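Okay, structure first, notes after.
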Amino acid sequence: MGEFFHAVRVFFDHLAGVGWTALAIALTMHFARLLARTVAWRNILAASYPNERWRWLPVAKAYIGGIGINSIVPGRAGDLVKLYLVHHAQPSTTYTTLASTLATETLLDFVLASLIFLWALTQGVLPSLHVLPSIPAFDWGWLLRDSRKTAVVVAVLTVAAIWLWHWASQHVADFKQRVGQGFAILRDRRRYGREVVSWQLLSWVLRIASLYWFLRAFHVDASIHNALLAQVVDSFSTLLPFSPGGAGTKQGLLVYVLHGEASSSQLLAFSVGQYVAVTAFNVVIGAIAIFTSLGTLRLRTILGRAKAAESDAEQPS
């Protein structure tokens, strides 16, 4: 993370030149994107539990609270908080089904991110596998330097996934039914398109717009092309969440991918500035969402409650 802290120092050197109006617009777009996603998730939950009354506000608080946790804690711990907060608001739900609704919520993201990634490949701007380990601040370059380590990690993850599926199927009698329940909205294509795809497409438009205004705020050539490249880096840097928000990896990749669009110091200022602004914003709105839901902001207490509630709720009956 040494390169990341170097980038932070560069960011503070450029702080006086930040376009604050553009930065405010970027954060507004970011917040609107999150709200659009909360509507999509609420609709997925409503389809999974049609007999429950799903109000948007508790779902929005759960989603935004989880985003805040994911911004400061690695390993997607915020997703567990999302599930806990929704289960706290709707005790009749199960964690297995709620988890599968999150998978449903990311299906379109996977498709769109893949399409943008393929487009980026045609632009010839992405580093090759041989180049990746040499990029400064690349979090998991060690994984690509040694093919044996790569094989071991892939094998361990595969075995762990198989074991987890087997354990769940043995300990939860209606595991498959609960998982399938979370994908219920996919069985009605028109409803899925109207209540999920439309909101998620809007969230992607707002995501790209937010990146465009972040580029402007830090005086990097602002264009849809560069905003899309920044989005590719954002998706790639969080692929393996070894650090909160992909900190470190994102900075190195952005400088490589956007090389020539601005000086290296400006690109570092943009990458760190965007990361700091979004992280701080997510933490603030996430804290508000969690406190108004649970009445506490103690992170250890929140994660402890979430893990305990998940274990208790999924005990076989």
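The values are calculated or read from the model by the stated rules, or taken from the named source; none is laboratory data. For clarity, every value in this text was computed on a predicted model and none was experimentally measured. Here Cβ is always computed from backbone atoms with ideal geometry, including for glycine, and neighbour counts include all displayed protein chains.
Might you let me know whether segment 68-85 holds any residue that is among the small types (Gly, Ala, Ser) and in contact with a Lys or Arg (Cβ under 9 Å, 6 or more places away or on another chain)? If you could, list the steps in order and put the result at the bottom.
Initial filter on segment 68-85 (among the small types (Gly, Ala, Ser)): 68, 71, 75, 77-78.
Pick out the ones that are also in contact with a Lys or Arg (Cβ under 9 Å, 6 or more places away or on another chain) and you get none.
Scanning segment 68-85, I find no residue that is among the small types (Gly, Ala, Ser) and in contact with a Lys or Arg (Cβ under 9 Å, 6 or more places away or on another chain), so the answer is no.
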Exercise. So how many residues does segment 263-273 have that are over 21 Å from the mean Cα position of the chain (by Cα) and either within 14 Å of ALA227 (Cα to Cα) or part of a helix (DSSP H, G or I) (or both)?
Worked result: 6
Problem set entry | Criterion violated by PHE110 - all others in (1) over 24 Å from TYR275 (Cα atoms); (2) of a type in the set (A, V, I, L, M, F, W, C); (3) exposed (fewer than 15 other Cβ atoms within 10 Å of the Cβ); (4) out of contact with any Gly (no Cβ under 9 Å at 6 or more places or on another chain) satisfied | (1)
Exercise. Of all the residues that make up segment 101-122, how many are in contact with a Phe, Trp or Tyr (Cβ under 6 Å, 6 or more places away or on another chain) and of a type in the set (S, T, N, Q)?
Worked result: 1
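Looking only at segment 87-106, which residues are in contact (Cβ under 8 Å) with a residue 24 or more places away in the chain, under 25 Å from SER235 (Cβ atoms) and either surrounded by fewer than 19 Cβ atoms within 10 Å (Cβ to Cβ) or not hydroxyl-bearing (Ser, Thr, Tyr) (or both)? First the steps, then the outcome.
Start the filter on segment 87-106 by keeping residues that are in contact (Cβ under 8 Å) with a residue 24 or more places away in the chain, which leaves 87-90, 92-105.
Then drop every residue that is not under 25 Å from SER235 (Cβ atoms), which leaves 98-105.
Of everything in segment 87-106, those that are in contact (Cβ under 8 Å) with a residue 24 or more places away in the chain, under 25 Å from SER235 (Cβ atoms) and either surrounded by fewer than 19 Cβ atoms within 10 Å (Cβ to Cβ) or not hydroxyl-bearing (Ser, Thr, Tyr) (or both) turn out to be LEU98, ALA99, LEU102, ALA103, GLU105.
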Seminar exercise, completed: Of the conditions (1) at pLDDT 95 or above; (2) in contact with a helix residue (DSSP H, G or I) (Cβ under 9 Å, 6 or more places away or on another chain); (3) surrounded by fewer than 19 Cβ atoms within 10 Å (Cβ to Cβ), the single one that TRP213 does not satisfy is (3)
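Conditions tested, residue by residue: (1) modelled with pLDDT under 90; (2) out of contact with any Ser or Thr (no Cβ under 6 Å at 6 or more places or on another chain); (3) farther than 21 Å from ALA36 by Cα.
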position: THR96; (1), (2), (3): yes, yes, yes
position: THR101; (1), (2), (3): no, no, no
position: THR106; (1), (2), (3): no, yes, no
position: LEU112; (1), (2), (3): no, yes, no
position: LEU118; (1), (2), (3): yes, yes, yes
position: LEU126; (1), (2), (3): yes, yes, yes
position: VAL131; (1), (2), (3): yes, yes, yes
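Just the residues that are in a loop (DSSP other than H, G, I, E, B), modelled with pLDDT under 80 and out of contact with any Pro (no Cβ under 6 Å at 6 or more places or on another chain), please, taken from segment 216-241.
Going through segment 216-241, the residues in a loop (DSSP other than H, G, I, E, B) turn out to be 218-223, 238-241.
In the following step, the residues that additionally are modelled with pLDDT under 80 were identified as 238-241.
Result: THR238, LEU239, LEU240.
Condition check ((1) out of contact with any strand residue (DSSP E or B) (no Cβ under 7 Å at 6 or more places or on another chain); (2) modelled with pLDDT of 90 or more; (3) over 20 Å from LEU215 (Cβ atoms); (4) not in a loop (DSSP other than H, G, I, E, B)) across all residues:
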position: GLU3; (1), (2), (3), (4): yes, no, yes, yes
position: HIS6; (1), (2), (3), (4): yes, no, yes, yes
position: THR28; (1), (2), (3), (4): yes, yes, no, yes
position: LEU35; (1), (2), (3), (4): yes, yes, yes, yes
position: THR38; (1), (2), (3), (4): yes, yes, yes, yes
position: TYR63; (1), (2), (3), (4): yes, yes, yes, yes
position: GLY68; (1), (2), (3), (4): yes, yes, yes, yes
position: PRO74; (1), (2), (3), (4): yes, no, yes, no
